[in-house]
1. Ignoring everything except DSSP H segments at least 4 long, calculate the 222 nm mean residue ellipticity for the chain; use -39,500 (n - 2.57) per segment, divide by total residues, nearest 500.
2. Which aspartates and glutamates have a Cα less than 12 Å from the Cα of Lys327, not counting those fewer than 8 places away in the same chain?
3. How large is the direction-averaged shadow of the alpha-carbon convex hull of the stretch 72-121, in nm²?
4. Here are some values of Rg/Rh (Cα atoms, Kirkwood Rh): (1) 1.52; (2) 1.02; (3) 1.13. Which one was computed from this structure?
5. Once you have a ≥ b ≥ c as the square roots of the Cα gyration tensor eigenvalues for the stretch 179-331, tell me rounded if a/c is under 1.5, and otherwise prolate or oblate according to whether a/b is larger than b/c.
6. How much net charge surrounds Ala28 when only other residues with a Cβ under 14 Å from its Cβ are counted (Lys, Arg +1; Asp, Glu -1)?
7. Which net charge results for the neighbourhood of Leu190, defined as the other residues with beta-carbon distances under 14 angstrom from its beta-carbon, given Lys and Arg at +1 and Asp and Glu at -1?
8. Among all cysteines in the chain, which have no other cysteine Cβ under 4.7 Å from their own Cβ?
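The values are calculated or read from the model by the stated rules, or taken from the named source; none is laboratory data. Since we're looking at a predicted model, the values are computed, not measured. Cβ: placed from backbone, ideal geometry, glycine included. Neighbour counts: every protein chain shown. Just the protein is used for accessible areas: all its heavy atoms, side chains included, with ligands, DNA and RNA removed. Shrake-Rupley method; radii C 1.70, N 1.55, O 1.52, S 1.80 Å.
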Amino acid sequence: REAALLRAHSLVHAAAPCHVACPAGEDAQAWLAEVQRGDYHAAWNELVRANPLPAITGRVCPHPCEQRCNRGHFDAAVGIHNVERFLGDAALAAGWDYPGITPLAAGAPRIAIVGAGPAGIAAAYHLRRLGLLPVVFDAAPEAGGLLRSAIPMTRLPRATLDAELGRVLALGIELRLRRARGRDFSVGELRAEHAAVFLAPGCQRAREWDVQGVVPAARRDGLDLLKEWIAVGEVPAARRVVVHGGGNTAMDIARVMKRHGAEEVHLVTASGLPGPQTAADDLLNVVPRELEGGLEEGIRIHPHATLSRLLLRGSRVVGVEMVSLRKLARGDGRKARVAFEGTERILE
């Protein structure tokens, strides 16, 4: 009896690590259980209680859930994003209806949403589930935000994007395109005409970037370059390219530049490549299949490194100096990346 009591008191009821790590709040443990039972429709119903766009996120999300998956302590994490993508595609093919959507009542409160990107669309979906009438405003001619304007079609086919967004908008959501805040309306006007206002303008402003205060004339911000490529189909001509970053945008740019004829594309990142020597909080934040594809295409990755100096001829960059980094614990217990003197090397 004492042993049984000890066991009972040692049990802790807590959310699964994958659930805690998901920025969208998905309970992967719950819908994977339905998949295991073979009921894919029930699994999708559970999934879209939190995330209405699984066919999209299953393709583009860096899935931090898998980094926290308990299964990774035994062999490898469950391929959560692959199952999510499968369920999203199955729902599109079968035409499954979103659960919990009731007809709008007469006089339902109207909620203004500024931005038709993933945040705005998700907000509209959840407001619609609550019986409210979302009205979405966006300056662009089409909905989708950065999903449409900056994620390459190789990662997110536009047919999938259109189908997934169309399903949500068809729930009774008003969409008003080519309407820009500050030009066509103000937040004050929206507040006067709607029961509430949700601002979802997105994260499209580039970070300030320099190397010891030097900004090269040939510098291009990542999102702006991708937007230009998607809109026009061209990128600046270059024989050697250095991409400084460690996320999906950096890898997208590297692969686009390589495909457009660059002989060498170098990705310099403070993060590490997957492997036993790299801690989970130090991994390159890139979708694994995109990383594998980039390596197959010849992208040269320089992990645990940063740019310490630019070599200029006039205003033109002719080379960069890299230095190695390591993530070390500070006196307060937090970790910080530290450059190691003597590891400098030149990249032309």
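1. Computed ellipticity for the chain at 222 nm equals -10000 deg cm²/dmol.
2. Asp281, Asp282
3. The number I arrive at for the stretch 72-121 is 6.5 nm².
4. (2)
5. Here the stretch 179-331 falls in the prolate category.
6. Summing Lys/Arg as +1 and Asp/Glu as -1 gives -2.
7. Surrounding charge for Leu190 is +1.
8. For the chain, the answer is Cys22, Cys61, Cys69, Cys203, because their Cβ atoms have no other cysteine Cβ under 4.7 Å.
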